[in-house]
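Below: the structure, in structure tokens.
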């Protein structure tokens, strides 16, 4: 419930059903080919995952006139406001042409009393309200009845437009700031690679004459991680499971008591190096790397492997896979152990500064999103103008 005392006196409080027609969607039978791949845009919540534009004209799928007639989907006009009502709740977008949706939306065809963009921004700010009104066990969904009864604070139409203009002015400034932060963030990523390049090209050398040319196959030995079968799982265990990019779960059998050096063998993290924590179980998605610790410092090896970007040596398939045979021949320059310690210190000194700066950037990016919500809150309390 909106408290009348929190908004200007000349504003009204309306239910969503008072300001437009509420429309649910539908899905034609997937067993009838003639219902699909027509000229009618058909939107699902999945189409809005990662979608940042204010409006949308079409999704990944479309339906035919026959599909529309033989389902509960309804064709809505341009400037309808689509609100995802399940899986997940809270995606909002404006239709830029006639279209329909699946049943994962509660959409509004707004009446003359409301500015479509004002409604768009209000629904963007009302995700939590909608979630609290939702119900369900497998996944939460807000019903048409409850959605219709959600309240909206409504100023006069001219004031709605002024509020929209102010929101977009402030959001534009935030977007510029976010773009600058993202640029700096990318520059730090480039800097990290530059630090590793300097290190393994010998820029941090103290004893340059003792670096020797060798291959990874001469200094490491690789074996697969233990196969993780469903029958052996125990989610109440105390041991971390590693599959190529850090811990992925907790189990209690087939663990390594001491830390291990691993390389991702398959999938998105193919080629990534990682040092496990003690008491870890390693899956067959990762290689376990053995080496002589009297000759190789483990953190030097970690930075070296990640610098080499082993994913570039993986097979070019839909699921990248790298083999020992691709890794062993890779040529490297290897310094003696004391020099490895020095190079590692030089790397970590530089990267620790980078870590702190990146943490500051991440905090600033979170503040940008927090400011967006603050702007919307002020807008719909009548405090933005």
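Annotation: of all residues in region 149-161 being surrounded by 16 or more Cβ atoms within 10 Å (Cβ to Cβ) and not in a strand (DSSP E or B), the one that is nearest to the chain's Cα centre (by Cα) is 150.
Residues checked against (1) part of a loop (DSSP other than H, G, I, E, B); (2) without any contact (Cβ under 8 Å) to a residue 60 or more places away in the chain:
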{"residue": "278", "(1), (2)": "yes, yes"}
{"residue": "287", "(1), (2)": "no, no"}
{"residue": "294", "(1), (2)": "yes, yes"}
{"residue": "299", "(1), (2)": "no, yes"}
{"residue": "302", "(1), (2)": "no, yes"}
{"residue": "311", "(1), (2)": "no, yes"}
{"residue": "316", "(1), (2)": "yes, yes"}
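Based on this model, can you work out whether residue 109 counts as touching a residue at least 24 places away in the same chain (Cβ under 8 Å), within 23 Å of the chain's Cα centre (by Cα), surrounded by 16 or more Cβ atoms within 10 Å (Cβ to Cβ) and assigned to a strand (DSSP E or B)? Talk me through it step by step, then tell me what you get.
Numbers: touching a residue at least 24 places away in the same chain (Cβ under 8 Å): yes; within 23 Å of the chain's Cα centre (by Cα): no; surrounded by 16 or more Cβ atoms within 10 Å (Cβ to Cβ): yes; assigned to a strand (DSSP E or B): yes.
Here the answer is no, as residue 109 does not meet what is asked.
Name every residue in region 17-46 that is loosely packed, with under 15 Cβ neighbours inside 10 Å, more than 30 Å from the chain's Cα centre (by Cα) and not in a strand (DSSP E or B), in order of residue number. 29, 31, 32, 33, 34, listed by residue number.
Determine, yes or no, whether residue 350 is loosely packed, with under 15 Cβ neighbours inside 10 Å and not assigned by TED's automatic domain parsing to the domain that holds residue 125.
Working: loosely packed, with under 15 Cβ neighbours inside 10 Å: no; not assigned by TED's automatic domain parsing to the domain that holds residue 125: yes.
For residue 350, the condition - loosely packed, with under 15 Cβ neighbours inside 10 Å and not assigned by TED's automatic domain parsing to the domain that holds residue 125 - is not met.
Checking each residue in region 47-89 for being closer than 15 Å to residue 99 by Cβ, in a helix (DSSP H, G or I) and free of Cβ contacts under 8 Å to residues at least 24 places away in the same chain picks out only 47.
Count of region 113-125 residues, restricted to those that are closer than 16 Å to residue 156 by Cβ and either out of contact with any helix residue (DSSP H, G or I) (no Cβ under 8 Å at 6 or more places or on another chain) or in a helix (DSSP H, G or I) (or both), is 5. Being out of contact with any strand residue (DSSP E or B) (no Cβ under 7 Å at 6 or more places or on another chain) and more than 20 Å from residue 156 (Cα to Cα) is a property that residue 131 lacks.
For residues that are in a strand (DSSP E or B) and touching a helix residue (DSSP H, G or I) at 6+ places or on another chain (Cβ under 6 Å), tally how many sit in region 94-104.
As a first pass, look at region 94-104 and keep what is in a strand (DSSP E or B): 94-95, 99-101.
Cutting the leftovers down to touching a helix residue (DSSP H, G or I) at 6+ places or on another chain (Cβ under 6 Å) gives us 94.
Residues meeting the conditions: 1.
Candidates 332, 361: the one that is within 24 Å of residue 199 (Cβ to Cβ) and assigned to a helix (DSSP H, G or I) is 361. Within region 8-16, not a single residue is more than 18 Å from residue 119 (Cβ to Cβ), within 32 Å of the chain's Cα centre (by Cα) and in the same structural domain as residue 147 (by TED's automatic domain parsing).
Going by what's in this entry, would residue 358 be described as in contact (Cβ under 8 Å) with a residue 12 or more places away in the chain, surrounded by 16 or more Cβ atoms within 10 Å (Cβ to Cβ) and farther than 22 Å from residue 264 by Cα? Even if it seems obvious, please write down each step before you answer.
On the way: in contact (Cβ under 8 Å) with a residue 12 or more places away in the chain: yes; surrounded by 16 or more Cβ atoms within 10 Å (Cβ to Cβ): yes; farther than 22 Å from residue 264 by Cα: yes.
So residue 358 fits the description; yes.
The values are calculated or read from the model by the stated rules, or taken from the named source; none is laboratory data. Quantities reported herein were computed from a predicted structural model and do not represent experimental measurements. A quick note on method: Cβ atoms are made from the backbone with ideal geometry, for glycine too, and the neighbour counts reach across all protein chains shown.
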